[in-house]
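Down below is the structure, laid out as C-alpha coordinates.
The values are calculated or read from the model by the stated rules, or taken from the named source; none is laboratory data. Please read these numbers as outputs of a predicted model, since none were measured by experiment. Cβ sites come from the backbone with ideal geometry, for glycine too, and all protein chains shown count toward neighbours. These accessible areas exclude ligands, DNA and RNA; they are computed on the full protein's heavy atoms, side chains included. Shrake-Rupley method; radii C 1.70, N 1.55, O 1.52, S 1.80 Å.
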Amino acid sequence: MAPIPPASVEELRTTGNQSFRNGQFAEAATLYSRALRMLQEQGSSDPEKESVLYSNRAACHLKDGNCIDCIKDCTSALALVPFSLKPLLRRASAYEALEKYPLAYVDYVTVLQIDDSVTSALEGSSRMTRTLMDSFGPEWRLKLPSIPLVPVSSQKRWECLPLENHKEPSKSKSKGTTSAKSRVPSAGDVERARALKEEGNELVKKGNHKQAIEKYSESLWFSNLESATYSNRALCHLELKQYQEAVKDCTEALRLDGKNVKAFYRRAQAYKALKDFRSSFADIDSLLQIEPRNGPAQKLRQEVNRSLN
(Lines give C-alpha, C1' and ligand atoms only; values in the text may rest on other atoms or scores of the structure.)
Protein backbone atom coordinates (compact mmCIF):
# COMPACT_ATOMS: atom_id res chain seq x y z
CA MET A 1 0.00 0.00 0.00
CA ALA A 2 1.43 3.38 -1.07
CA PRO A 3 2.12 5.88 1.73
CA ILE A 4 -0.37 8.70 2.13
CA PRO A 5 1.18 11.90 0.73
CA PRO A 6 1.47 14.88 3.09
CA ALA A 7 -1.75 16.90 3.05
CA SER A 8 -0.79 20.15 4.81
CA VAL A 9 1.94 22.76 4.77
CA GLU A 10 3.16 21.63 8.18
CA GLU A 11 3.26 17.98 7.14
CA LEU A 12 5.19 18.85 3.98
CA ARG A 13 7.69 20.87 5.99
CA THR A 14 8.12 18.11 8.59
CA THR A 15 8.63 15.49 5.87
CA GLY A 16 11.08 17.83 4.13
CA ASN A 17 13.02 18.25 7.37
CA GLN A 18 13.27 14.46 7.72
CA SER A 19 14.50 14.09 4.13
CA PHE A 20 17.10 16.81 4.76
CA ARG A 21 18.35 15.04 7.89
CA ASN A 22 18.64 11.85 5.81
CA GLY A 23 20.81 13.64 3.26
CA GLN A 24 18.10 13.59 0.58
CA PHE A 25 18.46 17.27 -0.30
CA ALA A 26 16.75 17.26 -3.70
CA GLU A 27 13.73 15.47 -2.25
CA ALA A 28 13.61 17.88 0.68
CA ALA A 29 13.75 20.87 -1.69
CA THR A 30 10.81 19.44 -3.66
CA LEU A 31 8.77 19.06 -0.48
CA TYR A 32 9.54 22.62 0.64
CA SER A 33 8.53 23.87 -2.82
CA ARG A 34 5.20 22.05 -2.56
CA ALA A 35 4.66 23.54 0.89
CA LEU A 36 5.40 27.04 -0.45
CA ARG A 37 2.95 26.62 -3.33
CA MET A 38 0.28 25.32 -0.99
CA LEU A 39 0.82 28.18 1.44
CA GLN A 40 0.66 30.77 -1.34
CA GLU A 41 -2.44 29.20 -2.90
CA GLN A 42 -4.20 29.35 0.45
CA GLY A 43 -3.68 33.11 0.39
CA SER A 44 -3.02 33.17 4.13
CA SER A 45 -0.54 35.81 5.25
CA ASP A 46 2.08 34.02 7.32
CA PRO A 47 5.42 35.61 6.44
CA GLU A 48 7.36 33.77 9.14
CA LYS A 49 6.25 30.34 7.95
CA GLU A 50 6.93 31.28 4.32
CA SER A 51 10.34 32.70 5.24
CA VAL A 52 11.33 29.47 7.01
CA LEU A 53 10.36 27.41 3.95
CA TYR A 54 12.50 29.59 1.68
CA SER A 55 15.37 29.34 4.16
CA ASN A 56 15.03 25.56 4.42
CA ARG A 57 15.00 25.19 0.65
CA ALA A 58 18.06 27.44 0.49
CA ALA A 59 19.86 25.01 2.82
CA CYS A 60 19.11 22.20 0.35
CA HIS A 61 20.48 24.23 -2.55
CA LEU A 62 23.62 25.03 -0.55
CA LYS A 63 24.20 21.36 0.25
CA ASP A 64 23.83 20.51 -3.45
CA GLY A 65 26.22 23.29 -4.47
CA ASN A 66 23.49 25.34 -6.14
CA CYS A 67 24.65 28.65 -4.73
CA ILE A 68 22.69 30.87 -7.13
CA ASP A 69 19.31 29.43 -6.08
CA CYS A 70 20.44 29.41 -2.45
CA ILE A 71 21.05 33.16 -2.63
CA LYS A 72 17.66 33.73 -4.31
CA ASP A 73 15.81 31.79 -1.63
CA CYS A 74 17.69 33.45 1.23
CA THR A 75 16.92 36.86 -0.23
CA SER A 76 13.22 35.92 -0.46
CA ALA A 77 13.29 34.72 3.15
CA LEU A 78 14.90 37.96 4.31
CA ALA A 79 12.39 40.06 2.38
CA LEU A 80 9.64 38.40 4.42
CA VAL A 81 11.43 38.48 7.80
CA PRO A 82 14.42 40.87 7.73
CA PHE A 83 17.60 40.04 9.67
CA SER A 84 16.81 36.34 10.10
CA LEU A 85 19.99 34.59 11.18
CA LYS A 86 19.86 31.36 9.18
CA PRO A 87 19.18 32.94 5.76
CA LEU A 88 21.94 35.48 6.40
CA LEU A 89 24.44 32.74 7.27
CA ARG A 90 23.40 30.53 4.35
CA ARG A 91 23.58 33.41 1.89
CA ALA A 92 27.00 34.39 3.25
CA SER A 93 28.25 30.84 2.68
CA ALA A 94 26.87 30.86 -0.88
CA TYR A 95 28.46 34.22 -1.66
CA GLU A 96 31.76 32.95 -0.28
CA ALA A 97 31.57 29.81 -2.41
CA LEU A 98 30.97 32.02 -5.47
CA GLU A 99 33.97 34.19 -4.44
CA LYS A 100 31.73 37.21 -3.94
CA TYR A 101 33.71 38.07 -0.84
CA PRO A 102 32.49 41.65 -0.18
CA LEU A 103 28.86 40.43 -0.15
CA ALA A 104 29.76 37.48 2.08
CA TYR A 105 31.54 39.84 4.50
CA VAL A 106 28.47 42.10 4.72
CA ASP A 107 26.19 39.17 5.60
CA TYR A 108 28.62 37.77 8.19
CA VAL A 109 29.00 41.11 9.99
CA THR A 110 25.24 41.68 9.82
CA VAL A 111 24.83 38.44 11.78
CA LEU A 112 27.41 39.68 14.29
CA GLN A 113 25.37 42.82 14.85
CA ILE A 114 22.52 40.56 15.96
CA ASP A 115 24.69 38.21 18.02
CA ASP A 116 28.47 38.61 18.18
CA SER A 117 28.96 35.10 19.59
CA VAL A 118 27.83 33.14 16.49
CA THR A 119 30.94 31.10 15.78
CA SER A 120 30.41 30.57 12.05
CA ALA A 121 29.92 34.32 11.54
CA LEU A 122 33.01 35.18 13.58
CA GLU A 123 35.10 32.74 11.59
CA GLY A 124 33.54 33.85 8.31
CA SER A 125 34.13 37.55 8.91
CA SER A 126 37.76 36.84 9.82
CA ARG A 127 38.25 34.77 6.66
CA MET A 128 36.67 37.46 4.51
CA THR A 129 38.76 40.18 6.16
CA ARG A 130 41.99 38.33 5.35
CA THR A 131 40.84 37.55 1.80
CA LEU A 132 39.75 41.11 1.08
CA MET A 133 42.96 42.55 2.52
CA ASP A 134 44.97 40.20 0.30
CA SER A 135 42.90 41.19 -2.75
CA PHE A 136 42.55 44.94 -2.26
CA GLY A 137 45.18 45.91 0.31
CA PRO A 138 44.64 48.57 3.01
CA GLU A 139 41.79 50.18 1.03
CA TRP A 140 39.69 47.00 1.06
CA ARG A 141 36.86 48.54 3.08
CA LEU A 142 36.22 51.03 0.30
CA LYS A 143 35.27 48.07 -1.94
CA LEU A 144 32.40 46.99 0.33
CA PRO A 145 28.73 47.64 -0.30
CA SER A 146 26.92 49.41 2.52
CA ILE A 147 26.43 47.36 5.67
CA PRO A 148 22.86 47.53 7.01
CA LEU A 149 22.36 48.74 10.55
CA VAL A 150 20.40 46.12 12.49
CA PRO A 151 17.72 47.75 14.66
CA VAL A 152 17.63 46.87 18.34
CA SER A 153 14.19 45.32 17.91
CA SER A 154 15.63 42.73 15.49
CA GLN A 155 18.53 41.99 17.83
CA LYS A 156 16.12 41.25 20.68
CA ARG A 157 13.92 39.18 18.39
CA TRP A 158 16.60 36.57 17.78
CA GLU A 159 18.72 36.64 20.93
CA CYS A 160 16.78 33.88 22.71
CA LEU A 161 16.38 31.50 19.76
CA PRO A 162 18.61 28.43 19.30
CA LEU A 163 20.92 28.41 16.29
CA GLU A 164 23.42 26.01 14.77
CA ASN A 165 27.04 26.91 15.48
CA HIS A 166 25.92 29.26 18.23
CA LYS A 167 28.27 29.59 21.17
CA GLU A 168 26.97 30.88 24.48
CA PRO A 169 28.35 34.30 25.32
CA SER A 170 30.77 34.50 28.21
CA LYS A 171 29.04 35.00 31.55
CA SER A 172 31.51 37.75 32.35
CA LYS A 173 30.28 39.81 29.40
CA SER A 174 28.47 42.76 30.88
CA LYS A 175 25.01 43.39 29.50
CA GLY A 176 24.39 46.63 27.74
CA THR A 177 28.08 47.26 27.11
CA THR A 178 28.85 48.42 23.61
CA SER A 179 32.34 47.32 22.69
CA ALA A 180 34.30 47.90 19.52
CA LYS A 181 33.97 44.20 18.71
CA SER A 182 30.16 44.39 18.54
CA ARG A 183 30.16 47.52 16.36
CA VAL A 184 30.19 47.46 12.60
CA PRO A 185 32.31 50.42 11.49
CA SER A 186 30.90 52.80 8.93
CA ALA A 187 33.03 54.35 6.20
CA GLY A 188 33.42 57.39 8.45
CA ASP A 189 34.55 55.18 11.35
CA VAL A 190 37.17 53.58 9.12
CA GLU A 191 38.55 56.93 8.04
CA ARG A 192 38.65 58.16 11.64
CA ALA A 193 40.40 54.96 12.72
CA ARG A 194 42.99 55.36 9.97
CA ALA A 195 43.68 58.98 10.93
CA LEU A 196 44.11 58.05 14.61
CA LYS A 197 46.46 55.20 13.68
CA GLU A 198 48.62 57.64 11.72
CA GLU A 199 48.68 59.97 14.74
CA GLY A 200 49.83 57.01 16.82
CA ASN A 201 52.57 56.24 14.29
CA GLU A 202 53.87 59.81 14.51
CA LEU A 203 53.96 59.58 18.30
CA VAL A 204 55.96 56.35 18.09
CA LYS A 205 58.53 58.09 15.89
CA LYS A 206 58.88 60.69 18.62
CA GLY A 207 59.25 58.03 21.33
CA ASN A 208 55.91 58.91 22.99
CA HIS A 209 54.78 55.31 23.44
CA LYS A 210 52.20 55.92 26.18
CA GLN A 211 50.41 58.54 24.10
CA ALA A 212 50.69 56.33 21.03
CA ILE A 213 48.90 53.52 22.91
CA GLU A 214 46.04 55.90 23.62
CA LYS A 215 45.79 56.83 19.93
CA TYR A 216 45.89 53.21 18.79
CA SER A 217 43.27 52.27 21.39
CA GLU A 218 41.01 55.07 20.19
CA SER A 219 41.56 53.96 16.60
CA LEU A 220 40.55 50.41 17.49
CA TRP A 221 37.36 51.66 19.09
CA PHE A 222 36.30 53.10 15.74
CA SER A 223 37.40 50.03 13.76
CA ASN A 224 39.00 46.96 15.31
CA LEU A 225 39.63 45.07 12.08
CA GLU A 226 43.04 46.49 11.19
CA SER A 227 45.79 44.01 12.06
CA ALA A 228 48.57 46.62 11.87
CA THR A 229 46.97 48.77 14.57
CA TYR A 230 47.22 45.89 17.04
CA SER A 231 50.81 45.06 16.11
CA ASN A 232 51.76 48.75 16.33
CA ARG A 233 50.26 48.99 19.81
CA ALA A 234 52.13 45.80 20.72
CA LEU A 235 55.39 47.58 19.86
CA CYS A 236 54.53 50.31 22.36
CA HIS A 237 53.74 47.74 25.04
CA LEU A 238 57.12 46.12 24.38
CA GLU A 239 58.91 49.44 24.77
CA LEU A 240 57.10 49.96 28.09
CA LYS A 241 57.90 46.37 29.21
CA GLN A 242 54.18 45.50 29.24
CA TYR A 243 54.81 42.04 27.86
CA GLN A 244 51.47 40.36 28.57
CA GLU A 245 49.64 43.21 26.82
CA ALA A 246 52.03 42.90 23.88
CA VAL A 247 51.23 39.18 23.57
CA LYS A 248 47.49 39.89 23.58
CA ASP A 249 47.77 42.55 20.88
CA CYS A 250 49.96 40.38 18.66
CA THR A 251 47.55 37.47 19.04
CA GLU A 252 44.67 39.69 17.94
CA ALA A 253 46.73 41.01 15.03
CA LEU A 254 47.45 37.45 13.89
CA ARG A 255 43.79 36.49 14.19
CA LEU A 256 43.06 39.18 11.61
CA ASP A 257 46.12 38.53 9.44
CA GLY A 258 47.89 35.21 9.89
CA LYS A 259 50.90 36.48 7.90
CA ASN A 260 51.59 39.60 9.97
CA VAL A 261 55.37 39.21 10.30
CA LYS A 262 55.71 42.09 12.76
CA ALA A 263 53.11 40.51 15.05
CA PHE A 264 55.00 37.18 15.06
CA TYR A 265 58.31 38.95 15.78
CA ARG A 266 56.94 41.17 18.54
CA ARG A 267 55.08 38.32 20.21
CA ALA A 268 58.28 36.26 20.09
CA GLN A 269 60.09 39.15 21.78
CA ALA A 270 57.38 39.39 24.44
CA TYR A 271 57.43 35.63 25.09
CA LYS A 272 61.24 35.75 25.38
CA ALA A 273 60.98 38.53 27.98
CA LEU A 274 58.40 36.44 29.85
CA LYS A 275 60.83 33.47 29.68
CA ASP A 276 58.35 31.43 27.66
CA PHE A 277 61.08 30.36 25.29
CA ARG A 278 59.17 27.54 23.60
CA SER A 279 56.36 29.87 22.54
CA SER A 280 58.91 32.43 21.42
CA PHE A 281 60.74 29.85 19.30
CA ALA A 282 57.44 28.69 17.75
CA ASP A 283 56.60 32.25 16.69
CA ILE A 284 60.04 32.80 15.18
CA ASP A 285 59.70 29.52 13.30
CA SER A 286 56.31 30.64 11.91
CA LEU A 287 57.80 33.99 10.89
CA LEU A 288 60.75 32.38 9.10
CA GLN A 289 58.40 30.16 7.12
CA ILE A 290 56.93 33.39 5.71
CA GLU A 291 60.23 35.31 5.40
CA PRO A 292 63.14 32.81 5.52
CA ARG A 293 65.78 35.56 5.16
CA ASN A 294 64.49 37.84 7.92
CA GLY A 295 67.73 38.84 9.66
CA PRO A 296 66.34 40.08 13.01
CA ALA A 297 64.25 36.91 13.33
CA GLN A 298 67.26 34.69 12.62
CA LYS A 299 69.23 36.53 15.31
CA LEU A 300 66.37 36.25 17.80
CA ARG A 301 66.08 32.52 17.09
CA GLN A 302 69.74 32.05 17.99
CA GLU A 303 69.21 33.93 21.27
CA VAL A 304 66.09 31.93 22.17
CA ASN A 305 67.75 28.67 21.15
CA ARG A 306 70.59 29.33 23.60
CA SER A 307 68.03 29.86 26.37
CA LEU A 308 66.31 26.56 25.48
CA ASN A 309 69.58 24.56 25.52
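The rows are residues; the columns are (1) modelled with pLDDT under 70; (2) assigned by the TED database to the domain that holds Glu48.
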position: Arg130; (1), (2): no, yes
position: Cys160; (1), (2): yes, no
position: Lys173; (1), (2): yes, no
position: Leu196; (1), (2): no, no
Scope the stretch 63-74; condition surrounded by fewer than 20 Cβ atoms within 10 Å (Cβ to Cβ) and within 23 Å of Leu122 (Cβ to Cβ); matching residues: Lys63
Meets criteria (among the small types (Gly, Ala, Ser) and either under 28 Å from the mean Cα position of the chain (by Cα) or open to solvent by 60 Å² or more (accessible area, probe 1.4 Å) (or both)) for Ala59: yes
Unmet criterion (only one of (1) in contact with a His (Cβ under 9 Å, 6 or more places away or on another chain); (2) open to solvent by less than 20 Å² (accessible area, probe 1.4 Å); (3) farther than 28 Å from Gly124 by Cα) for Ala246: (3)
Members of the stretch 261-287 that are open to solvent by 20 Å² or more (accessible area, probe 1.4 Å) and of a type in the set (S, T, N, Q): Gln269, Ser279, Ser286
Only listed residue being crowded, with 24+ Cβ neighbours inside 10 Å and more than 20 Å from Leu12 (Cα to Cα), chosen from Leu31, Leu53, Leu78, Leu89: Leu89
Leading residue by the ranking (farthest from Glu214 (Cα to Cα)) among those in the stretch 229-263 that are of a type outside the set (Lys, Arg) and touching a residue at least 40 places away in the same chain (Cβ under 8 Å): Gly258
Members of the stretch 206-226 that are open to solvent by less than 40 Å² (accessible area, probe 1.4 Å) and part of a helix (DSSP H, G or I): His209, Ala212, Ile213, Tyr216, Ser219, Leu220
Condition broken by Asp46, with the remaining ones in (1) crowded, with 21+ Cβ neighbours inside 10 Å; (2) within 22 Å of Thr14 (Cβ to Cβ) satisfied: (1)
